[in-house]
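The values are calculated or read from the model by the stated rules, or taken from the named source; none is laboratory data. Quick caveat, the model's predicted, so the values are computed rather than measured. When the accessible area is computed, the model is the full protein with side chains, heavy atoms only, and any ligands, DNA or RNA have been set aside. Shrake-Rupley method; radii C 1.70, N 1.55, O 1.52, S 1.80 Å.
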Amino acid sequence: VAAGAIPLIVAAMRRFPQSEDLQTHGCATLGNLAVHDENVVCISVAGGVDVIVAAMRAHPQSVDLQSTACKTLADLALDDDNSVSITAEGGVDLVVAAMREFP
């Protein structure tokens, strides 16, 4: 993280929103980084919630992306501020939609 990996991941996800593979791997990488509390804040500050929600909207039929994004949002939601952001961005509705589409 000291090397600035989180902002680079978020920037790549913003630059290539139609790349399902990049979005899926970006969500997975952010999720892996979110296991450390200090990274959760960095992910949020860098716009991680926004790009994850945007990825879910852009690729609603991708089971891999949807499941990975749901897990990552769940990890990020353990932080109260992120829970508010996830809800405000429509993330909860997207998680519910993914759960209905891919039971």
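Data table
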{"item": "Cα-only radius of gyration and Dmax that characterise segment 1-41, units Å", "result": "10.3, 30"}
{"item": "Helix-derived mean residue ellipticity, 222 nm - over the chain, DSSP H n ≥ 4, -39500 (n - 2.57), to 500", "result": "-24000 deg cm²/dmol"}
{"item": "Per residue accessible area of the chain, 1.4 Å probe, in Å²", "result": "56"}
{"item": "Segment 1-77 - percent of accessible surface contributed by carbon and sulfur, probe 1.4 Å", "result": "59"}
{"item": "Rounded to whole Å, sorted largest first: equivalent-ellipsoid semi-axes of the chain, Cα gyration tensor", "result": "19, 16, 11"}
